[in-house]
1. In the set B:L24, B:L50, B:L42, which member is more than 19 Å from A:N105 (Cβ to Cβ) and of a type in the set (A, V, I, L, M, F, W, C)?
2. Is one or more of the residues making up the stretch A:91-104 touching a helix residue (DSSP H, G or I) at 6+ places or on another chain (Cβ under 9 Å), without any contact (Cβ under 8 Å) to a residue 40 or more places away in the chain and open to solvent by less than 10 Å² (accessible area, probe 1.4 Å)?
3. Look at A:C121 and say whether it is surrounded by 15 or more Cβ atoms within 10 Å (Cβ to Cβ), of a type in the set (A, V, I, L, M, F, W, C) and modelled with pLDDT under 95.
4. Among the residues of the stretch A:7-28, write down those that are more than 7 Å from chain B (Cβ to nearest Cβ), at pLDDT 90 or above and surrounded by 10 or more Cβ atoms within 10 Å (Cβ to Cβ).
5. Can you tell me which residue is nearest to A:P36 (Cα to Cα) among those in the stretch B:51-84 that are at the interface with another protein chain (Cβ under 7 Å from one of its Cβ atoms) and aliphatic (A, V, I, L, M)?
6. Answer with yes or no whether B:F18 is hydrophobic (A, V, I, L, M, F, W, C), at the interface with another protein chain (Cβ under 9 Å from one of its Cβ atoms) and surrounded by 10 or more Cβ atoms within 10 Å (Cβ to Cβ).
7. Any residue at all in the stretch B:42-49 that's within 7 Å of chain A (Cβ to nearest Cβ) and closer than 30 Å to A:C78 by Cα?
Amino acid sequence: MSVHQAGTTSSVERVDLTPMPSEVPQVQELGTTSAPLKSAAFFIGAYCKEYNEDFMLCKNESREPGHCLKEGRRVTRCAQDLITKMRENCLSQFNDHWNCLEKNNQEYYLCRKPERTLNACMFEKLGLTKTIPGGGLQGQQVHEKANPIFKAMQK
Amino acid sequence: MPVPWEALIPFGLLTAMFGTAGTLLNASQRFQNLGKPPRYNLDKWEESMLERDRRLTGHKRGQSIEPVAPEAFSVNTIIRGYRP
């Protein structure tokens, strides 16, 4: 058995270039990648709360893909709006935070210092606060803790 | 008495070999990850996000903060089929 044996099942990768049907209203997709999105996540939650909740309730009714397109468009547009505002107002703090996240496996607890500056800027310029719904095990907001247990090894 | 410097050669060799191996490994990983440390402990969600990043920027560790995606993004999902 030193000759390569092709398996009985073969997987093919295809790209389907068919666009959406023309009767579905068009929305431009969100162009933010994972690290900036994770950095902005709690602010998207605060800013777009109603649209996100609408979408989740709609999905709860039916998981069919075509059922929640309208709510989905609203969610996308709200997130795009917030990203634009963040870039206008807090660009350097935003960039600092998501660059820190990218270097640290996208863990929040390793990037508290840039996060604090970003939270301060967002509160001052846009009035948005990062709140963890329900808090931690003791109900606290772990990002506001003065001496956390889980932290970076070096100061 | 003169210092037995020949006895320290193995220590030097070990340090050099471990150091070179570690440095080359780190350099290779950083090169593959666009100068950043590699990602670890990735679950299905994280892998899906990495695939989305690849579709948006061309490299799975590429990042962008554009609010609007490029035109090709809406149709460049890879669909995997299995042919029995």
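1. Answer to the selection: B:L24.
2. Checked the stretch A:91-104: no residue is touching a helix residue (DSSP H, G or I) at 6+ places or on another chain (Cβ under 9 Å), without any contact (Cβ under 8 Å) to a residue 40 or more places away in the chain and open to solvent by less than 10 Å² (accessible area, probe 1.4 Å).
3. Answer is no for this residue.
4. Within the stretch A:7-28, A:V24, A:V27 meet the criteria.
5. Only one residue fits best here, namely B:I65.
6. Values: hydrophobic (A, V, I, L, M, F, W, C): yes; at the interface with another protein chain (Cβ under 9 Å from one of its Cβ atoms): no; surrounded by 10 or more Cβ atoms within 10 Å (Cβ to Cβ): yes.
When the stated conditions are applied, B:F18 does not pass them.
7. Yes - at least one qualifying residue is present in the stretch B:42-49.
To keep it simple, each residue is scored yes or no on (1) part of a loop (DSSP other than H, G, I, E, B); (2) farther than 30 Å from B:R30 by Cβ; (3) in contact with a His (Cβ under 7 Å, 6 or more places away or on another chain).
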{"site": "A:R73", "(1), (2), (3)": "no, yes, no"}
{"site": "A:N89", "(1), (2), (3)": "no, yes, no"}
{"site": "A:K130", "(1), (2), (3)": "yes, yes, yes"}
{"site": "A:G139", "(1), (2), (3)": "yes, yes, no"}
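The values are calculated or read from the model by the stated rules, or taken from the named source; none is laboratory data. Treat the numbers as computed from the prediction; the structure is a model and nothing was measured. Because the Cβ atoms are built from the backbone with ideal geometry, glycine has one as well, and the counts that use them run over all protein chains shown. Accessible surface is based on the protein model in full, side chains and every heavy atom, while ligands, DNA and RNA are left aside. Shrake-Rupley method; radii C 1.70, N 1.55, O 1.52, S 1.80 Å.
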